[in-house]
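Q: Let me begin by handing over the structure; questions about it come next.
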Amino acid sequence: MSNRLIASKPNQLATLALLLIVGCSCASAAVDKVTSSTKLTLDTPSRAYPVESLLDVGIPTLNDGLYLTDEDDTVFPEVRYAEAIYFSNQLGKVLEKSGAWGAIRVTPSSDVIMDLYISGTIYQSDGETMDLEITATDSSGKKWFSKRYKQTTGKYAYDRRLKSLGDPFQNLFIRVANDLLSYREKKISDQRAKELRTISELRFAKQFSPEAFDSYIDENRKGILTVARLPAENDSILLRVRKIRERDYLYIDRMQDYYDGFSQQMHLAYQDFRRASYDSVVRARQLNQQGNRQIMSGIGAILAGIYGRSQARTGIADDAGTATAAVGGFVLKAGLDKKQKASEFNESVAEMGSSLEAEIAPQVIELEDRTVTLTGTVQAQYQQWQELLGKIYQQERGTL
């Protein structure tokens, strides 16, 4: 057999490897496809609800979902803490616009008694994709639904030249609001809504005077509450509890002012962060894809070159194998460099994220009739407030 025929197989492998390199390089030049999204229509009630059947909605700050992340995720705790507040507040504003509900309040926890609770967990938020799990549960303990909402946006969502530029993920919040309204209209009658409001009032009363209100609510084996009987409208204890609840509303409203102020303060900085995060995520993915393709093609070329040298019978074939291996080594190094550059992009987002940490500290709340100094986290402050209300209630009853 001639040397030409012996050398043909490794040369074919080398040629195939080079074609693979060229093909990967061309493919890696492609950019992520982006599309513009049309804003969804926010649904409104099909009829006017009686005032007494309007459900008050509580939105406890979302679970940050940090326990769901791993070391490969570019998630920064200080940003995610802020997002938990920001997203809750954004959802509340959308619900307000629908005109289907009573008071809508972002709350420090689910301890705040409301007619309907909207809780959730952040699964992903990187400027390009938002993924939330939302659960709706009413005051009786009945779950309306639990659903995952996911939206991916494109680069035009951050184009400042567009006059109609709004929140890039507004559609996700609109979908949640529309689903809530759909459930309310299809499955909750006005009478049932009134019952839920009554359950909320009795639950609040039971917190402050369990001995007086324990018998008014029944709980089945599934934990669902029902009204067993009603107190008289002129019940002196009930009237006193209602005054306490008005003070609680005052505190929650002031907390809402805090959440609104926080969201407004972080809005511009957060949109810049989102924009940078989006660019970084997309660029990092492109670089990772390029790096992975180049690493694969580089390794393939090295193996083809090594195989070519091991099978060569002539100097020409050996030179061809060596050249192929050298090209493969160059491509492999370039691929690893791409991966390193992707890591640097992610680090740049971390630096921006840390700048938001100082803006999420809780504030001292000033009430109309007094200044209450509450310290610690927002949740800790509300717990202290509840204890203060308990003392006020006992003082008014003359039992303290």
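Q: Cα-Cα over 18 Å: which of K93/K186; K206/K243; K39/K187; K150/K187; K243/K391; K143/K186?
A: With Cα atoms farther than 18 Å apart: K93/K186; K39/K187; K150/K187.
Q: Then there's this: At 7 Å along the Cα-to-beta-carbon direction for both E211 and L68, put a label point, then send me their distance in nm to one decimal.
A: 4.6
Q: Run the paramagnetic zone check for L388: 7 angstrom along Cα to Cβ, then residues of the stretch 247-263 with backbone nitrogen under 13 Å.
A: 247-255
Q: How large is the accessible surface per residue of the stretch 138-255, computed with a 1.4 Å probe and reported in Å² as a whole number?
A: 54
Q: Loop-only trypsin sites (Lys or Arg not before Pro) in the stretch 214-289, please: DSSP not H, G, I, E or B, and at most 11 other Cβ atoms within 10 Å.
A: Passing sites in the stretch 214-289 are R221, K222, R229.
Q: How much length would be gained if the chain were fully extended between Q264 and E78, taking 0.36 nm per residue of separation minus their Cα-Cα distance, in nm to one decimal?
A: Here the segment from Q264 to E78 would lengthen by 65.2 nm.
Q: Using a 1.4 Å probe on the protein heavy atoms, what percent of the accessible area of the stretch 161-260 belongs to carbon and sulfur?
A: 46
Q: Right, here's the next one. Sticking with the crude label model, points 7 Å out along Cα→Cβ, report the distance from R283 to N234 in nm, one decimal please.
A: 7.4
The values are calculated or read from the model by the stated rules, or taken from the named source; none is laboratory data. These numbers were taken from a predicted model, which means no experiment stands behind them. Every residue, glycine among them, receives a Cβ derived from its backbone with ideal geometry; neighbour counts consider all protein chains shown. What goes into the accessible areas is simple: the full protein's heavy atoms, side chains included, and nothing from ligands, DNA or RNA. Shrake-Rupley method; radii C 1.70, N 1.55, O 1.52, S 1.80 Å.
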